[in-house]
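Asks: Structure incoming, see below.
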Amino acid sequence: MSTGGGLQRISRFISKYFVVWVLAAAALALLTPETFAWIGDYISILLGVVMLGMGLTLTPADFRRIIERPRDVAIGSCAQWVIMPTLAYGLVVGLGLPTEVGIGLILLGAAPGGTASNVMTYLGKGDVALSVTITSVTTIAAPIVMPAWVVLLAGEQIQVTFAEMFQEIVLIVLIPVVAGVVIRQVLDRTAPTAAEVGLTVFPAISVLAIVTIVAAIVGLNVENILAASGVALVAVLVHNAVGLGAGYGVGHTTSMPEDRARACAFEVGMQNSGLAVAIAVAFFSPLTALVPALASVWHNVTGPALATYFTRQTDEHSASAPSIHESD
């Protein structure tokens, strides 16, 4: 068996059991927080690696889809930009969350879609091209959209400026994504074999980076997590559940086909919690990173669960559809 084939099997194995690694890492970090807390200084770098991997998956065709299907991309992106930040603010006010915890929830709500949403769309038999395109658009716009929402909704409670957050998100997100796109184009033209190997290996690297980020944040927040009030956990659960449902509902309400509605569900309901964690650690406190850290774990539970449900729906529909070979 070729080396490439072996790498593909290893990468698929690591990616397939994503949620297992996340839960295992979180459990280990709770038991031995000192083992992982030091990684907190490198969260931004790890997230940059994930964003570089995302850039490597993008091709000119992905950006052409923005022109080819502007309606669905605009609907999905606007739903993500509007529903999740305003829902977060509503939960902060409605549940009376403490200031630092509330800022963490707003950071999470204002974050763009994450690469996990693309994986879940694929597993749930949704429109992967639409998912990737919406993730790309919301990620590229993140340096403007994310700090704008945070300053608008929590401006009186923070000392951070729009410009400071803009600069940090450009460094963590935009530059690595653009670098990934450029590297992919160069490799496709000059070393296609290397490009293929990179695309085989990088999903697993991204998974391991996200798992490491989760472990670091849990390690930094172990006391806060163990003492976390039920209301913080409720906020994470409600935010995610309403986001997934609202995204799916928006897709159907705007007459999208089923596969695109599924893509919208994951794009709206699953944020780049790693980016929210990185901004929380960079500008606020470990306590502010608590909600995004909980979301990092929870999103990787509900995402696969919903993808499994969608897949079963598709399989049941296919099984019940009349065969073209059936006689009249």
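The values are calculated or read from the model by the stated rules, or taken from the named source; none is laboratory data. This one's a predicted model, so the numbers in the text were calculated from it and none came from an experiment. Using ideal geometry, Cβ is built from the backbone for each residue, glycine included, and neighbour counts are taken over all protein chains shown. Just the protein is used for accessible areas: all its heavy atoms, side chains included, with ligands, DNA and RNA removed. Shrake-Rupley method; radii C 1.70, N 1.55, O 1.52, S 1.80 Å.
Asks: Regarding GLU164, is this residue part of a helix (DSSP H, G or I), open to solvent by 60 Å² or more (accessible area, probe 1.4 Å), at pLDDT 85 or above and in contact with a helix residue (DSSP H, G or I) (Cβ under 8 Å, 6 or more places away or on another chain)?
Replies: Yes: the conditions hold for GLU164.
Asks: Considering each residue of the range 124-147, count those that are part of a loop (DSSP other than H, G, I, E, B) and either among the hydroxyl-bearing types (Ser, Thr, Tyr) or open to solvent by 10 Å² or more (accessible area, probe 1.4 Å) (or both), and give that number.
Replies: Counting residues in the range 124-147 that are part of a loop (DSSP other than H, G, I, E, B) and either among the hydroxyl-bearing types (Ser, Thr, Tyr) or open to solvent by 10 Å² or more (accessible area, probe 1.4 Å) (or both) gives 3.
Asks: From the set of residues in the range 282-304 that are closer than 22 Å to MET165 by Cβ and hydroxyl-bearing (Ser, Thr, Tyr), which is farthest from the chain's Cα centre (by Cα)?
Replies: Checked the range 282-304; the qualifying residue farthest from the chain's Cα centre (by Cα) is SER285.
Asks: Still on this structure, please answer the following. What do you reckon, is ILE205 over 30 Å from GLY155 (Cα atoms), assigned to a helix (DSSP H, G or I), of a type outside the set (Gly, Ala, Ser) and at pLDDT below 85?
Replies: Considered against the rule, which asks whether it is over 30 Å from GLY155 (Cα atoms), assigned to a helix (DSSP H, G or I), of a type outside the set (Gly, Ala, Ser) and at pLDDT below 85, ILE205 comes out as yes.
Asks: Here's another thing I want to ask about it. From ALA280, ALA321, ALA289, which residue is among the small types (Gly, Ala, Ser), open to solvent by less than 50 Å² (accessible area, probe 1.4 Å) and modelled with pLDDT of 85 or more?
Replies: After ruling out the rest, the residue left standing is ALA280.
Asks: Here's another thing I want to ask about it. May I ask you to list the residues in the range 12-50 that are closer than 15 Å to ALA116 by Cβ and open to solvent by 50 Å² or more (accessible area, probe 1.4 Å)?
Replies: Of everything in the range 12-50, those that are closer than 15 Å to ALA116 by Cβ and open to solvent by 50 Å² or more (accessible area, probe 1.4 Å) turn out to be LYS16, TYR17, VAL20, TRP21, LEU23.
Asks: Among VAL242, VAL214, which is the only one that is hydrophobic (A, V, I, L, M, F, W, C) and open to solvent by 60 Å² or more (accessible area, probe 1.4 Å)?
Replies: The match here is VAL242.
Asks: Consider the range 229-270. How many of its residues are of a type in the set (S, T, N, Q) and in contact with a strand residue (DSSP E or B) (Cβ under 7 Å, 6 or more places away or on another chain)?
Replies: Final tally of qualifying residues: 0.
Asks: Follow-up question, since we're still on this one. Restricting the range 183-200 to residues that are open to solvent by 40 Å² or more (accessible area, probe 1.4 Å) and closer than 21 Å to LEU46 by Cβ, which is modelled with the lowest pLDDT?
Replies: Residue satisfying both the conditions and the ranking: LEU199.
Asks: Related question: Please specify each residue of the range 217-239 satisfying the condition of being of a type in the set (A, V, I, L, M, F, W, C), open to solvent by 50 Å² or more (accessible area, probe 1.4 Å) and touching a residue at least 12 places away in the same chain (Cβ under 8 Å).
Replies: LEU220, LEU226, LEU233, VAL234, LEU237, VAL238
Asks: Being of a type in the set (Val, Ile, Thr) and open to solvent by less than 50 Å² (accessible area, probe 1.4 Å) is the filter; apply it to the range 302-318 and report the residue that is modelled with the lowest pLDDT.
Replies: Looking at the filtered set, the residue picked out is THR314.
Asks: Could you tell me which residue of the range 84-96 is nearest to VAL132 (Cα to Cα), considering only residues that are touching a residue at least 60 places away in the same chain (Cβ under 8 Å) and open to solvent by 40 Å² or more (accessible area, probe 1.4 Å)?
Replies: Taking the candidates together, the pick is TYR89.
Asks: Is there a residue being surrounded by fewer than 23 Cβ atoms within 10 Å (Cβ to Cβ) and in contact (Cβ under 8 Å) with a residue 12 or more places away in the chain anywhere in the range 263-273?
Replies: no
Asks: Another one. Tell me which residues, restricted to the range 121-138, are touching a Leu at 6+ places or on another chain (Cβ under 8 Å) and over 24 Å from ILE67 (Cα atoms).
Replies: If the condition is that a residue be touching a Leu at 6+ places or on another chain (Cβ under 8 Å) and over 24 Å from ILE67 (Cα atoms), then GLY124 is the only one that fits.
Asks: Please determine whether any residue of the range 43-60 is on the phi > 0 side of the Ramachandran plot and assigned to a loop (DSSP other than H, G, I, E, B).
Replies: Among the residues of the range 43-60, not one is on the phi > 0 side of the Ramachandran plot and assigned to a loop (DSSP other than H, G, I, E, B), which makes the answer no.
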